[in-house]
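Coordinate-derived values only; no laboratory data. Fair warning: this is a prediction, and the values are worked out from it, not measured in the lab. A quick note on method: Cβ atoms are made from the backbone with ideal geometry, for glycine too, and the neighbour counts reach across all protein chains shown.
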């Protein structure tokens, strides 16, 4: 479990990877769509996606010619449970997390 937690926290340490996770809160996305808002190559984004996949934070699936990414929140839950064991952290509320990320303009506002 420690190695898995280390992998999750290492993945979360990078702001680009956190932004990618925020984007995937909305829906599954094609790799090219994930890469669009970033000023880096598709190869660099692919490396970030691989780190997230290795940590279990996302899954990737090829549909036809397009590779899709999906958020896998179970790894975040495991990290949350670990932090709660210190008694200083509330349970991870993914809805609250989404609201915070929206407030910080890390993900677009909800469409009505």
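Taking every alpha-carbon pair in the stretch 2-92 and binning the separations at 10 Å intervals from zero gives 17, 49, 26, 8, 1 percent. The label point for residue 95 and the one for residue 14, both projected 7 Å from the Cα toward the Cβ, are 3.2 nm apart. What is the list of residues in the stretch 15-42 whose amide nitrogen lies under 17 Å from a point 7 angstrom out from the Cα of residue 62, following Cα to Cβ? Residues 30-32 fall inside that zone. Over the stretch 2-92, Cα pairs under 8 Å with separation of 6+ residues give a relative contact order of 30 percent.
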